[in-house]
1. List every residue pair whose Cβ atoms lie under 9 Å apart, where the two residues are 6 or more positions apart in sequence or sit on different chains, the first residue falls within the stretch 77-96 and is in contact (Cβ under 8 Å) with a residue 60 or more places away in the chain, and the second residue, located anywhere, is loosely packed, with under 11 Cβ neighbours inside 10 Å and in a loop (DSSP other than H, G, I, E, B).
2. Every residue in the stretch 41-66 that is modelled with pLDDT under 95 and within 13 Å of residue 18 (Cβ to Cβ), please.
3. Condition check: loosely packed, with under 14 Cβ neighbours inside 10 Å and either touching a residue at least 24 places away in the same chain (Cβ under 8 Å) or within 22 Å of residue 82 (Cα to Cα) (or both). Does residue 2 satisfy that?
4. Filter the stretch 85-96 down to residues that are over 21 Å from residue 107 (Cα atoms) and in contact with a strand residue (DSSP E or B) (Cβ under 6 Å, 6 or more places away or on another chain) and give me whichever is surrounded by the most Cβ atoms within 10 Å (Cβ to Cβ).
């Protein structure tokens with residue numbers, strides 16, 4: 001039995017993670033578009049004071065597969081590219097403009113968007 005490397009395990013588990021937590025979306029870098037799956041997360045607002053209720057933040061982090069066919073790679077990332085994805089499960093899809101890469105590993109890429 002071959003032992004997998006850490007990066008191989010990350011790549012193998014990216015699909016499982018996105019299947020569990022992700023929603024379907026469309027990545028539109030320019031003219032061409034492709035279907036992707038992503039997990040949209042709202043960063044916690046530390047300045048929020050209770051008893052103020054939850055509010056919708058203008059910035060989201062979108063976690064996608066680090067892949068050129070079913071996700072987005074750091075090499076093709078460009079500020080202003082658009083991801084059309086629901087902000088949460090069950091909601092209508094909307095456009096988010098990519099701002100920066102927050103973190104990446106062999107399996108997943110986390111993008112800040114607004």
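The values are calculated or read from the model by the stated rules, or taken from the named source; none is laboratory data. Because the structure is a prediction, the values reported are computed rather than measured. Every residue, glycine as well, gets a Cβ built from its backbone with ideal geometry; the counts of neighbours run over all protein chains shown.
1. Pairs that qualify, where the first residue is in contact (Cβ under 8 Å) with a residue 60 or more places away in the chain and the partner is loosely packed, with under 11 Cβ neighbours inside 10 Å and in a loop (DSSP other than H, G, I, E, B), are 86/92.
2. Listed by number, the list holds a single entry, 41.
3. No.
4. Per the stated criteria, the residue is 96.
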